[in-house]
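S.K.: Quick one: the structure is below, questions incoming.
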Amino acid sequence: MEDLIQVHCIRHIYPDKTEVSLCGLDFVVKPGERVMILGPNGAGKTTLISHILGLLSPVEGQVKVMGMQPDKNFNHVRKHIGVVFQNVDEQIIGPRVYDDIAFSLRNERFSRQEVDERVKKIASMLGIEDILEKIPHYLSGGQKKKAALAGAISMMPEILILDEPFDGLDPKSKAEMIILLNRLNKENGITLVITTHDINIVPLISDMIYVINKGLIVTKGSPKEVFEQVDLLREANLEPPILVDLFDRLKKRGYPLEPADSIENAMEQLEKILAD
């Protein structure tokens, strides 16, 4: 299966002469994957995403998206990538939610009927039909995230990049966002690349995890593989999920347990111990 995204040991120099490097393991995303990027502030997550989007050009290293350099093929690559930035207030530019979702469609010269049909279809998918005529400024945080997501998928991209999409959401809105993103991945085949600080939701929405610390991709793997490396996570200033932390501590006390990456897995292990 051909890789959709490949990033190999990049270095970037910002206008103020700040240098940011991202080396260690290669960052690779395959079609249909749900990829999560974990790391503390300043680790290099935003630099990585900006290079994938073609917003930055590396002075060293290699970035390829769909076999092309995104900074040199910006217009073509961006047609295949949707993005939801952390601050969605800067992203939603339409006077109404409807207009924001329709923005890219109109730019691509879709007919008025095609635009209307696509906007209403996406609004129905995300359950936001009731806010299409609303002014974005007055929406709740969860509604703004959904509106930004609707705009990002209006062209049905192959890749959807989300920077801290759960930041500031209440538990109900967070759960709804996870369901929406998983549905887009499963039903529409959209590849997800997500950064987050909320490590407890990671097992619910990822196939592959990359951990970045001090400009290095220090490990990668499935949620189970990564969460077994509790000490490495703490070195990267990341507290493991509550269940993983609990089971790790119990294991160190002599209980025959392995890190649990889900409630179901935790119950299976505990039921086995109780049965014995």
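S.K.: At q = 0.07, 0.11 Å⁻¹, work out log10 I(q)/I(0) for the chain with the Debye formula, treating every Cα as an identical point scatterer and leaving solvent out; two decimals please.
M.R.: Summing over Cα pairs of the chain leads to -0.28, -0.68.
S.K.: Would you mind computing, in nm to one decimal, how far apart the modelled labels at N188 and E133 are, each placed 7 Å from Cα along Cα→Cβ?
M.R.: 2.5
S.K.: Which of the listed residues, T196, F85, C23, is farthest toward the dipole's positive end in the chain, when Lys, Arg count +1 and Asp, Glu count -1 at the beta-carbon?
M.R.: Projecting each Cα onto the dipole axis, the largest value belongs to F85.
S.K.: Given H placed on each backbone N at 1.01 Å, which residues far from G221 in sequence or on other chains put an amide H within less than 5 Å of it?
M.R.: Sorted by chain and number, the residues that satisfy this are I209.
S.K.: Convert 20 °C to kelvin, take the viscosity as 1.002 mPa s, use the Kirkwood radius over C-alpha pairs of region 162-276 as Rh, and evaluate the Stokes-Einstein diffusion coefficient in µm²/s, rounded to a whole number. Please list the in-between numbers first.
M.R.: Details: Rh = 15.5 Å.
Translational D for this selection: 138 µm²/s.
S.K.: Moving on. Against the longest alpha carbon principal axis of the chain, how many degrees, from 0 to 90 and to the nearest 10, is the axis of helix 171-188 turned?
M.R.: Here the helix axis deviates by roughly 70 degrees.
S.K.: Semi-axes of the equivalent ellipsoid for region 75-205, please: Cα gyration tensor eigenvalues, times 5, square-rooted, ordered largest first, whole Å. Before the final figure, lay out the partial values.
M.R.: On the way: eigenvalues 100, 58, 35 Å².
Largest first, region 75-205 gives 22, 17, 13 Å.
S.K.: Which of D248, D16, D231 moves the most in a Gaussian network model of the chain with Cα springs under 10 Å?
M.R.: D16
S.K.: If I build a Gaussian network model for the chain, linking alpha-carbon pairs within less than 10 angstrom, which residue out of V29, V230, V84 has the largest mean-square fluctuation?
M.R.: Fluctuation is largest for V230.
S.K.: Restricted to Cα positions, what overall size does region 92-155 have along the principal axes? Three whole-Å values, descending.
M.R.: 31, 21, 17
S.K.: Please enumerate, by chain and number, the lysines with C-alpha under 27 Å from the C-alpha of K174, excluding those fewer than 8 residues away in the same chain.
M.R.: Result set, ordered by chain and number: K30, K45, K120, K121, K134, K144, K145, K146, K186, K220, K224.
S.K.: Can you tell me which of 40-47, 54-61 comes out highest on packing, and rank the rest after it, using the mean Cβ neighbours within 10 Å? Let's see the in-between values first.
M.R.: Details: 40-47: 18.4, 54-61: 16.4.
Order by mean packing, descending: 40-47, 54-61.
S.K.: Using only the C-alpha atoms of region 1-131, find the volume of their convex hull and express it per residue in Å³. Show your work: numbers first, answer last.
M.R.: On the way: hull volume 20.6 nm³, N = 131.
Roughly 157 Å³ of hull volume per residue.
S.K.: How far apart, in nm, are two points set 7 Å out from the Cα along the Cα-to-Cβ line at E239 and at N107?
M.R.: 4.0
A short reminder: the numbers here are calculations on the coordinates, not readings from a lab. All of these numbers come straight from a predicted model, not from anything done at the bench. Note that each Cβ is placed from the backbone with ideal geometry, even for glycine, and that neighbours are counted across all protein chains shown.
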